[in-house]
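The values are calculated or read from the model by the stated rules, or taken from the named source; none is laboratory data. What you see is a predicted model, and the numbers here were worked out from it, not measured in a lab. For neighbour counting, all protein chains shown are included, and Cβ atoms are generated from backbone atoms with ideal geometry for every residue, glycine included. Ligands, DNA and RNA are excluded from the accessible area calculation, which covers all protein heavy atoms including side chains. Shrake-Rupley method; radii C 1.70, N 1.55, O 1.52, S 1.80 Å.
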Amino acid sequence: GDRWIDVDNWDEAVVQLGDGFRRVFLALGRQELAPFTACPDIFFVIRSVEPPSAALSFARADFVIARGPFQLADERALLLQHRIDGIVCKNSGGSATEAKLTAARELGIRVIMQRRPPRPDVPQADSIAGVVGWLRG
C-alpha cells in the first residue's frame, strides 16, 4: 500500500511536486529546504529540529519545530490536521521514520523519498586472517 516516488536529489523531488501536490509535509533537515522555495503554489508543513534560516522564503508554510522519534498516532494527527497530500523525506534506512511512513500508507498519501546513496566500494574480508592479510597489503 506504499505510494513512494523515489528520487535521487531534491531538484527531482521539486519536479515530482508538480504532479498535483497541494499540501506537502517536508520532513527534512533545515539545510535541505532551499529547493522547495521554488514551489509557490504548494502549502508546506515543515518539520525540523531547529528553525530554518530566516533567509528562506516560502510563499505558504507552517513550521513545526520538534525532535523525534514520533509516535504513529501523532504522525497521523499531524497529517490529518494539515490535510497533507504528500510527504517529502529521505530514506534514512532505519526505523526512526517508520511512524510517518505507516501513517502515510494508512491515509493513502504519496511519499517522495530521496534514495540512499550507494554504498562505497570498500575492501571486505570474511575472517580475521583476511583482515590481517589486507592490512599487511
Checklist entry - Between Arg23 and Asp2, how many nm apart are label points set 7 Å from Cα along the C-beta direction? => result 2.5
Checklist entry - Taking a probe of 1.4 angstrom, what is the accessible area of Arg3 in Å², to the nearest 10? => result 120
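What does the net charge come to around Arg110 if you take all other residues with beta carbon closer than 11 Å to its beta carbon, with K and R at +1 and D and E at -1? Kindly include the intermediate steps, with their values, before the conclusion.
On the way: positive: Arg3, Arg105; negative: Asp2, Asp19, Asp85.
Surrounding charge for Arg110 is -1.
What's the carbon and sulfur percent of the chain's accessible surface, probe 1.4 angstrom, rounded to a whole number?
Working: 4260 of 8460 Å².
Solvent-exposed carbon and sulfur of the chain make up 50 percent of the total.
Under the Kirkwood approximation applied to all pairs of distinct alpha-carbon atoms, what is the hydrodynamic radius of the stretch 61-137 in Å? Working shown, then result.
On the way: mean 1/r = 0.0643 Å⁻¹.
Roughly 15.6 Å, rounded to one decimal.
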Checklist entry - Can you give me the Cα centroid spacing of the stretch 113-127 and the stretch 72-103 in angstrom? => result 27
Item to check | Residue-span extension gain [Ala96 to Glu50] - 0.36 nm each, minus C-alpha spacing | outcome: 14.8 nm
Checklist outcome for this item: To the nearest 0.05, the calculated FRET efficiency linking Ala59 and Arg119 through their beta-carbon distance, R0 being 30 Å, is 0.20
Checklist entry - Ignoring ligands, DNA and RNA, what accessible area per residue does the chain give at 1.4 Å, in Å²? => result 62
Next on the checklist: How large is the Rg to Rh ratio of the stretch 7-137 when both quantities use alpha carbon positions and Rh follows Kirkwood?
Outcome noted: 1.13
